[in-house]
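Only one structure is covered here, and it is reproduced in the block below.
The values are calculated or read from the model by the stated rules, or taken from the named source; none is laboratory data. Given the structure is predicted, the values throughout are model-derived calculations rather than measurements. Virtual Cβ from ideal backbone geometry, glycine too; neighbours counted across all protein chains shown. Remember, those area values only see protein heavy atoms, side chains included, never the ligands or the DNA or RNA. Shrake-Rupley method; radii C 1.70, N 1.55, O 1.52, S 1.80 Å.
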Amino acid sequence: MPTLAPPDIAALPASRLSHLQLLEAESIQIFREVASEFQKPVMLYSIGKDSSVMLRLAQKAFYPGPIPFPLLHVDTGYKFNEMISFRDNLAKELNLDLRVWRNEQALADGANPVALGTQRCCGLLKTTALLDGLRNYGFDAAFGGARRDEEKSRAKERIFSFRDKAGQWDPKNQRPELWNLYNARIAPGESIRVFPLSNWTELDIWHYILLENIPIVPLYFAKEREMIVRGDSLIPVEQSFVKSLPGEVQWIKSRLRSLGCSPCTGAIRSDADTIPKIIAELVSFRSSERANRVIDHDQDGSMEIKKREGYF
Amino acid sequence: MPTLTPIEPDFAIEEFLHAEQQKDLLRFSTAGSVDDGKSTLIGRLLYDSRNVYEDQVRAVTGKTIAPGAKAPAIDFAQLTDGLRAEREQGITIDVAYRFFSTQRRKFIIADTPGHEQYTRNMATGASTADLAIILIDARKGILTQSRRHSYIASLLGIRHLVAAVNKMDLVDFSEDVYNTIVSDLHTLLGQLNPDGNAPSLVTIPVSALDGDNVVEPSTRTPWYSGPTLLQHLEEVPVWTEEATAPFRLPVQRVIRPDQHYRGFAGQIAAGTIHRGDTIVALPSGRTSRVASITTFDGDLEKASAPLSIALTMEDELDISRGDVISIAAHPPQHATALEASVVWFDATRLETHRPYLLKHGTQTLPARVTRVLHRTNIQTLTDEAVNSLGMNDIGVVEIESTRSLFFDPYAENRASGSFILIDPQTNATAAAGMIRRSLGTATAIHTPTHKAALLSVHTPEQATTLEAALLAENFAVVRTKLQSQPILRSLLSLGLLVILEGIPTEHTTVGLELHTLEADPQSPNAVAAFLNHLRAVHILPAQKGIEEQQS
């Protein structure tokens, strides 16, 4: 059976580039192209592992110069505390121009997923906040860390994804994208979302983090954490509006596979406290990474609907 | 499913990561519509090579068990079917990218629709592919759709074609049926590539539905001894071509954090560069040597396509975004008038003499299509005389740009032979182009391989001898007696070797670097010694014989 035969590594030509080298070169080309073609690019920084890889690639693209654009974090107000402190330390350490944007009005009105449901909550705190933030600063291109392997509708996303004046995506009318020749022309008010990690897989991201020694939020590593245990779900104890029933709160050795808002991001039971262990877990794991996110499963094709409205 | 399968205790993560790090990447495209089994084939490839998650399989497994079956059927096609609009219409509209890997390789599939109205999506998917899978229904033979896909794959320069002769289960795995199709395919490829430059073709009899010869060899095709589809995908060599072509770097950006560093950043489009190599910057034609190859991970001694790097030069050259840095010994062609194949994308038809923006490498410049030579009828593969091209048409046109393009023909180099046309009114990507040839009289210009320099020669006899010696080596030389600094500066800025005859005044040459032939006018070797001096200070390149050995 051909697939299970490991290659004879010594017999491979030395000049050949590995898939990670190829992906890195492609991503750097995208960063440089955007920084040169747009007036006011920004990198959307979500603090997660994909953003961490994106940040490293941006450093590489402009080395020995600084990253020539700011970072924007769209903060829903419900991110884990560990994420926020990680973000602030990193920005200080790397001397990053980090901007934070929140939908303060919605938060003041008490928006949360329990009160509104996840769809409306995401709409206000993510999509609306993102569009307002981009408009407020006048950014004309925004880097996002989305990958095509994450979800069906993302498999069709361009690397340069055109958004109209309302920030919306029209999946039926995407610009053809050939070779590495990206069309960066837009009219005033229009913008482009750029996905330099389009061709990376979840395994590629982890492997690159390992090889490059990229710092990530400790929530990714397993340790004893206080969790609400409900059926198969582990909900981190963080926000007071997430109520637990008697006996539901337990200390569980667990970690997060992807970082979102604390009320809507389930943890998993895990012993993986190093990156190689996370990778080992990943390759033996049987379900795709977004399966733990409540929001993608609200409704058939829900990610596609959110994207049309302007979500990443 | 938040509960984990426990990690197997003997799982050797270090070994796994080491193997993972050695994997290379193969990009391939597929084209086809709903009834020819393309989605089923890809779904089967992903499922049998264990690249599908359980939650994804659950989502496409039927609720009922068919009579005679042991378990509910898995709808493989649904594994790769995307957008809501497509699900409603039951067709694949756009290019979808899929990822999977085996122990040897990572794969990126550009999965494209097969109908004629989606020719543009097929071209998009093919543009970055190393290999194309052409699907053929064994019952039907080569239909228009397979013909179209083969044509587009050849046009877009894919070097490896695999014909998957599918639905063999419906023709009782007949060797005769298969052989007829294989023979027709070879005839077709010969037609598509009359110049004899046809891509390699491998044919495989498969049943995507049952899995025969997709991942596992089939017991139902004892007459077939070739590889399974996956085996072939794992073994086809892809990494050899780009690194051996002449070096090209389209400059994306000048990185200049302070006055001590000035790096020309880009992704290497072709070839290999070493520290110390002599390069020529185009369009200026100025030459220099590579002082360093910069990356975040440290300087490199050499770098090959398609790495993203930055180069610093030994001399201060005025290079900016849109320029091309080439190995001096093998510069690209240049022209303002080109013949190119184009695939028209836009709903608005091509208009000749209307301005479009042409993006080639990292430069964008105004251009016009001056003439449409013909359109290719993809059904019959014949050329039709037309005045314009509409959406999904493929044709050959003549294009004029306002400035010179430095290019290689697409057949030799995908990266420096490709361009897109943008409609400046709507900003739509109107077309993709593949340069066939220059329409200028000289296809290969003389690109200076020397640096500009001012050569002071006192006597007319010496000037004549020196001029002749330089011209004999094809250098661009101009000879003048004018003692005018502005004129000398403009000649030098053109990249010329300027022979200044007579005794130069200080007023003329102040601030200019002067190389003086100061020898006994009687000495027969004075000019030869002067040429050696010019080589020693790198104004002239090393002598031809030596250079050819090096390159």
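Looking at this structure, is A:Lys223 surrounded by fewer than 18 Cβ atoms within 10 Å (Cβ to Cβ), more than 22 Å from A:Arg56 (Cβ to Cβ) and touching a residue at least 40 places away in the same chain (Cβ under 8 Å)? It is true that A:Lys223 is surrounded by fewer than 18 Cβ atoms within 10 Å (Cβ to Cβ), more than 22 Å from A:Arg56 (Cβ to Cβ) and touching a residue at least 40 places away in the same chain (Cβ under 8 Å).
Of the residues making up the range B:173-197, those that are in contact with a Gly (Cβ under 8 Å, 6 or more places away or on another chain), in contact (Cβ under 8 Å) with a residue 40 or more places away in the chain and either open to solvent by 40 Å² or more (accessible area, probe 1.4 Å) or among the polar types (S, T, N, Q) (or both) number 1. The test for being in the same structural domain as B:Ala19 (by TED's automatic domain parsing), among the hydrophobic types (A, V, I, L, M, F, W, C) and at pLDDT below 85 holds for B:Ile93. When the range B:267-305 is examined, which residues are found to be on the phi > 0 side of the Ramachandran plot, touching a strand residue (DSSP E or B) at 6+ places or on another chain (Cβ under 9 Å) and within 14 Å of chain A (Cβ to nearest Cβ)? Hit for the range B:267-305 is B:Gly271, nothing else. Out of B:Tyr261, B:Tyr224, one residue alone is away from every other protein chain (no Cβ under 14 Å) and aromatic (Phe, Trp, Tyr). It is B:Tyr224. May I ask you to verify whether B:Thr180 is of a type in the set (Val, Ile, Thr), assigned by TED's automatic domain parsing to the domain that holds B:Ile142 and at pLDDT 95 or above? It is true that B:Thr180 is of a type in the set (Val, Ile, Thr), assigned by TED's automatic domain parsing to the domain that holds B:Ile142 and at pLDDT 95 or above. Once the range B:93-151 is narrowed to residues that are among the basic types (Lys, Arg) and touching a residue at least 12 places away in the same chain (Cβ under 8 Å), the residue that is most open to solvent (accessible area, probe 1.4 Å) is B:Arg139. Could you identify the single residue in B:Glu473, B:Glu461, B:Glu412, B:Glu398 that is surrounded by fewer than 19 Cβ atoms within 10 Å (Cβ to Cβ) and at pLDDT 95 or above? Going through B:Glu473, B:Glu461, B:Glu412, B:Glu398 in turn, just one is surrounded by fewer than 19 Cβ atoms within 10 Å (Cβ to Cβ) and at pLDDT 95 or above: B:Glu398. A:Leu131 satisfies every condition listed in (1) in contact (Cβ under 8 Å) with a residue 60 or more places away in the chain; (2) touching a helix residue (DSSP H, G or I) at 6+ places or on another chain (Cβ under 7 Å); (3) among the aliphatic types (A, V, I, L, M) except (2). Among the conditions (1) modelled with pLDDT of 95 or more; (2) open to solvent by 40 Å² or more (accessible area, probe 1.4 Å), B:Thr203 misses just one, which is (2). Do we have any residue at all in the range A:143-158 that's without any contact (Cβ under 8 Å) to a residue 24 or more places away in the chain and either touching a Leu at 6+ places or on another chain (Cβ under 8 Å) or more than 27 Å from B:Ile108 (Cβ to Cβ) (or both)? Yes, the range A:143-158 contains a residue that is without any contact (Cβ under 8 Å) to a residue 24 or more places away in the chain and either touching a Leu at 6+ places or on another chain (Cβ under 8 Å) or more than 27 Å from B:Ile108 (Cβ to Cβ) (or both).
The listed residues are A:Leu107, A:Leu44, and the only one of them that is modelled with pLDDT under 95 and in contact with a Gly (Cβ under 6 Å, 6 or more places away or on another chain) turns out to be A:Leu107. When the range A:236-255 is filtered for residues that are open to solvent by less than 30 Å² (accessible area, probe 1.4 Å), without any contact (Cβ under 8 Å) to a residue 40 or more places away in the chain and part of a strand (DSSP E or B), the ones remaining, listed by number, are A:Ile252, A:Ser254, A:Arg255. In summary, B:Val254 fulfils each of the numbered conditions (1) open to solvent by 50 Å² or more (accessible area, probe 1.4 Å); (2) part of a strand (DSSP E or B) with the single exception of condition (1).
The single residue among A:Ala129, A:Ala155, A:Ala146 that is within 9 Å of chain B (Cβ to nearest Cβ), among the small types (Gly, Ala, Ser) and either on the phi < 0 side of the Ramachandran plot or part of a helix (DSSP H, G or I) (or both) turns out to be A:Ala155. Do we find a residue being assigned by TED's automatic domain parsing to the domain that holds B:Glu398, under 20 Å from the mean Cα position of the chain (by Cα) and crowded, with 23+ Cβ neighbours inside 10 Å anywhere in the range B:350-358? Looking for residues that are assigned by TED's automatic domain parsing to the domain that holds B:Glu398, under 20 Å from the mean Cα position of the chain (by Cα) and crowded, with 23+ Cβ neighbours inside 10 Å, one finds at least one in the range B:350-358, hence yes. Among residues that are under 27 Å from B:Ser29 (Cβ atoms) and more than 11 Å from chain B (Cβ to nearest Cβ), A:Ile192 is not included.
Considering (1) open to solvent by 10 Å² or more (accessible area, probe 1.4 Å); (2) within 11 Å of chain A (Cβ to nearest Cβ); (3) under 16 Å from B:Gln252 (Cβ atoms), the lone condition that B:Asp323 does not fulfil carries the number (2). The set of residues from the range A:214-251 being away from chain B (no Cβ under 14 Å) and acidic (Asp, Glu) comprises A:Glu224, A:Glu226, A:Glu238, A:Glu248.
One line per residue, one yes/no per condition, for (1) open to solvent by 10 Å² or more (accessible area, probe 1.4 Å); (2) more than 22 Å from the chain's Cα centre (by Cα):
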{"residue": "A:Arg102", "(1), (2)": "yes, no"}
{"residue": "A:Gln105", "(1), (2)": "yes, yes"}
{"residue": "A:Gly110", "(1), (2)": "yes, yes"}
{"residue": "A:Ala115", "(1), (2)": "yes, yes"}
{"residue": "A:Arg120", "(1), (2)": "yes, no"}
{"residue": "A:Leu124", "(1), (2)": "yes, no"}
{"residue": "A:Arg135", "(1), (2)": "yes, no"}
{"residue": "A:Ala142", "(1), (2)": "no, no"}
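When each of B:Arg289, B:Arg256, B:Arg220 is tested for being within 30 Å of A:Val34 (Cβ to Cβ) and either outside the structural domain of B:Met168 (by TED's automatic domain parsing) or of a type in the set (Lys, Arg) (or both), the lone residue that passes is B:Arg256.
Within the set A:Val74, A:Val42, A:Val34, the sole residue that is touching a residue at least 40 places away in the same chain (Cβ under 8 Å), under 22 Å from A:Arg147 (Cα atoms) and within 14 Å of another protein chain (Cβ to nearest Cβ) turns out to be A:Val34.
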